[in-house]
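Heads up, the thing below is written out as structure tokens.
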Amino acid sequence: MVDNAPKIWNYFKAKGLSDYGIAGLMGNLYAESGLSPINLQNSFEIRLKYTDASYTAAVDNGSYTNFVYDKAGYGLAQWTYWSRKQALLDYARKMKKSIGDLDMQLDFLWQELNISYGAVVMVLKSATSVREASNVVLLQFEKPKKKDDIDVQNKRAEYSQLYYERFAQMQSDDNIDLAAFTSLFQEFRKELQNNDASLWSEDARQWATSKKIFVGSGITSTGELNYMWRDFVTREQMVTVLYRLINGLEVRNDKC
């Protein structure tokens, strides 16, 4: 399954919502749809004899014509009421997008929030806790039948907290010191330093090694020269390669 969470987080971050606000919104969207823009309400899959994908395709190609009035929750926010589903369908057609297109649904959701739920948007921009943001989405936007159930509120706040920890905490960890960055960078380089090169470059690599433009820099666990094809190339290394190539030098003991 595609992880839509980063895209959704970045979308609402660009709209000016606070980290608490984005997390609260995403926790509720996850509870509704698992962040899947093609999600058809589970109880309707058997009733309508559609899967998420086949329902979406049928609405898109016009073979299913009761999208607006079938009372089935659909999409990121599980739009259910006929007027909201009509607005979603009209917007998708206006944008010439699939009813299940993620970008289209995010734009529609943002438009709907600003037009009809301005008070919710204000809280999502100024929220100072995950619980505050999660509850305003649950109680004033999604409004499921059991919205007043404390267990439902707790569960959605729990989902929201996970998104806050995943994205807001990750951003705060970006301010690492030089030593930590150096250590992480060295670990990243180690992942690249191997002979696992792509097939498209095979002819070029064989030619370069046969001409001794490149010489192995170490021995792999299998005893072969390690050319570290996937490592970074410095300017110093690049000019050395060009010098050897242009001057036709035969390299014997030097190492690139």
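Just so it is clear, none of the values below were taken in a lab; they were calculated from the coordinates. This is a predicted model, so every value here is computed, not measured. Cβ: placed from backbone, ideal geometry, glycine included. Neighbour counts: every protein chain shown.
Label-to-label distance, ASN42 versus SER201, with points set 7 angstrom from Cα along the beta-carbon direction: 4.7 nm.
Here are some pairs, LYS94/LYS146; LYS49/LYS125; LYS7/LYS143; LYS13/LYS96; LYS85/LYS147; LYS7/LYS147; which of them have Cα atoms lying more than 31 Å apart in this structure? Too far apart for the 31 Å limit: LYS94/LYS146; LYS49/LYS125. As a rough guide to protection, the peptides 38-44, 155-161, 92-98 ranked by mean Cβ packing within 10 Å, highest first, stand as 155-161, 38-44, 92-98.
For MET122 and GLN186, the FRET efficiency from 1/(1 + (r/R0)^6), where r spans their Cβ atoms and R0 equals 41 Å, is about 0.35. You can think of it this way: the chain between ASP103 and TRP82 has 5.4 nm of extra reach, that is 0.36 nm per residue less the Cα-Cα gap.
Compute the FRET efficiency between GLU224 and TYR64 as 1/(1 + (r/R0)^6), taking r as their Cβ-Cβ distance and R0 = 41 Å, and round to the nearest 0.05.
Result of the calculation: an efficiency of 0.10.
Measuring r between the beta carbons of LEU162 and VAL2 and using R0 = 22 Å, the FRET efficiency lands at 0.75. Summing Lys and Arg as +1 and Asp and Glu as -1 over all other residues whose Cβ lies under 13 Å from the Cβ of ALA87 gives a net charge of +1.
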